[in-house]
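The values are calculated or read from the model by the stated rules, or taken from the named source; none is laboratory data. The model shown is predicted, which means the values in this text are computed figures rather than measured ones. Don't worry about glycine lacking a Cβ; one is built from the backbone with ideal geometry, like all the others, and counts go over all protein chains shown.
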Amino acid sequence: MQQVEICVKGHIDTTWSEWLDGMAIIHTDEDESILAGEVDDQSALYGLLSKLRDMGLALVSVPSEDVVGEVKQRSRQGAKVQILTALCWPA
């Protein structure tokens, strides 16, 4: 299992959670939605990304497990950290 946090533009209704493989849907103040949860493998991740593409959502970021862990560690140390987009496609 791999922990993922996918950020997309716009607010996704939380009723889509089940169809999006049970991902938790969190809304931000920046008019974005974060899908958080676990995927079995890379194939499952690409399937989830395909669903988001099919919904016409613009991808903002898909940080890797290593990046998420580093951000959490630096945040605990009081550092301000900016996550760069790890993967994107045209909107």
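Which residues, taken from the range 1-27, are part of a loop (DSSP other than H, G, I, E, B) and within 16 Å of VAL39 (Cα to Cα)? Don't jump to the end; show me each part of the working.
Applying the first criterion (part of a loop (DSSP other than H, G, I, E, B)) to the range 1-27 yields 1, 10-13, 17-23.
MET1, SER17, GLU18, TRP19, LEU20, ASP21, GLY22, MET23 - these are the residues of the range 1-27 that are part of a loop (DSSP other than H, G, I, E, B) and within 16 Å of VAL39 (Cα to Cα).
Each row is one residue, and each column tells you yes or no for (1) more than 12 Å from VAL62 (Cα to Cα); (2) among the aromatic types (Phe, Trp, Tyr); (3) in contact with a Ser or Thr (Cβ under 9 Å, 6 or more places away or on another chain); (4) crowded, with 17+ Cβ neighbours inside 10 Å.
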{"residue": "MET1", "(1), (2), (3), (4)": "yes, no, no, no"}
{"residue": "GLU5", "(1), (2), (3), (4)": "no, no, yes, yes"}
{"residue": "ALA24", "(1), (2), (3), (4)": "yes, no, yes, no"}
{"residue": "ASP29", "(1), (2), (3), (4)": "yes, no, no, no"}
{"residue": "VAL39", "(1), (2), (3), (4)": "yes, no, no, yes"}
{"residue": "GLY47", "(1), (2), (3), (4)": "yes, no, no, no"}
Here the qualifying pairs (Cβ atoms under 6 Å; residues six or more apart or on different chains; first in the range 42-54 and without any contact (Cβ under 8 Å) to a residue 60 or more places away in the chain and farther than 15 Å from TRP16 by Cβ; second among the β-branched types (Val, Ile, Thr) and buried (at least 17 other Cβ atoms within 10 Å of the Cβ)) come out as LEU45/VAL39
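Conditions tested, residue by residue: (1) among the β-branched types (Val, Ile, Thr); (2) at pLDDT 85 or above.
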| position | (1), (2) |
| --- | --- |
| VAL39 | yes, yes |
| TYR46 | no, yes |
| VAL60 | yes, yes |
| ARG74 | no, no |
| LYS80 | no, no |
| THR85 | yes, no |
